[in-house]
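No lab work stands behind these numbers, since they all come straight from the coordinates. For clarity, every value in this text was computed on a predicted model and none was experimentally measured. With ideal geometry, Cβ positions are generated from the backbone for all residues, glycine too; neighbour counts draw on all protein chains shown.
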Amino acid sequence: MANHASAEKRNRQRITRTARNRAIKSELRTVVKKARTALKGVSQESTAPVNAAESALDRAASKGAIPAKRASRVKSRLALALHKASITAKTAAS
């Protein structure tokens with residue numbers, strides 16, 4: 001239990017920030033999962049969920065909910081998977 005006013009304030013701030021970050025991370029996980037699912041089903045509609053995931057990753061990183069390098073790493077892996085899926089789709093169509 002906090003014994004000083006400043007400690008009580010820090011505790012209130014922690015609770016607020018934790019709730020905000022939890023909401024951002026939860027939404028981010030959902031969007032990234034949808035993008036990965038869309039990439040498994042090879043189709044031309046895979047780009048929209050990947051773009052949405054990249055945007056959400058940038059937003060979460062700018063707000064400090066996740067580290068910037070983690071966002072960059074996940075975006076890179078999604079882009080690579082999208083590229084491989086598009087090559088597979090072009091090869092299958094030929």
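Mean residue ellipticity at 222 nm from the helices of the chain, using -39,500 (n - 2.57) per DSSP H segment of n ≥ 4 over the full residue count, to the nearest 500 deg cm²/dmol?
Numbers: 3 runs with 79 residues, N = 94.
Dividing the helical sum by the residues of the chain leaves -30000 deg cm²/dmol.
I'd like the FRET efficiency for ARG77 and ALA19, computed as 1/(1 + (r/R0)^6) with the beta carbon distance as r and R0 of 22 Å, rounded to 0.05.
Numbers: r = 29 Å, r/R0 = 1.30.
Once the sixth-power term is evaluated, E becomes 0.15.
What list of ³J(HN,Hα) values in whole Hz, one per residue of segment 54-64 in order, does the Karplus curve 6.51 cos²θ - 1.76 cosθ + 1.60 (θ = phi - 60°) give from phi, with Gly and Pro shown as x?
Along segment 54-64, the couplings run 5, 5, 5, 5, 4, 5, 5, 5, 5, 8, x Hz.
ASN11 versus ALA52, label points 7 Å from Cα toward the beta carbon: distance in nm?
Reported label-point gap for ASN11 and ALA52 is 4.0 nm.
Relative to the present Cα-Cα distance, how much length would full extension add between ASN3 and ALA68 at 0.36 nm per residue of separation? Don't jump to the answer; show the numbers that get you there.
On the way: separation 65, 0.36 × 65 = 23.40 nm, distance 3.52 nm.
That pair, ASN3 and ALA68, stretches by 19.9 nm at full extension.
With only Lys, Arg, Asp and Glu charged, each at its Cβ (+1 for the first two, -1 for the last two), find how big the charge dipole of the chain is about the Cα centre; round to the nearest 20 debye. Display every interim value, and only then the final one.
Details: 22 positive and 5 negative charges, 87 e Å.
Using only the charged Cβ atoms, the result is roughly 420 debye.
Compute the acute angle (0 to 90°) between the alpha-carbon long axis of helix 5-40 and the principal axis of greatest extent of the alpha-carbon atoms of the chain; round to the nearest 10°.
Approximately 10 degrees, to the nearest 10.
Where the Cα atoms of segment 1-83 are projected onto their three principal axes, how long is each span, largest first, in whole Å?
58, 19, 15
In the chain, if the dipole is taken from +1 on Lys/Arg beta carbons and -1 on Asp/Glu beta carbons about the Cα centre, which of ALA35, LEU57, ALA92 is farthest to the positive end?
LEU57
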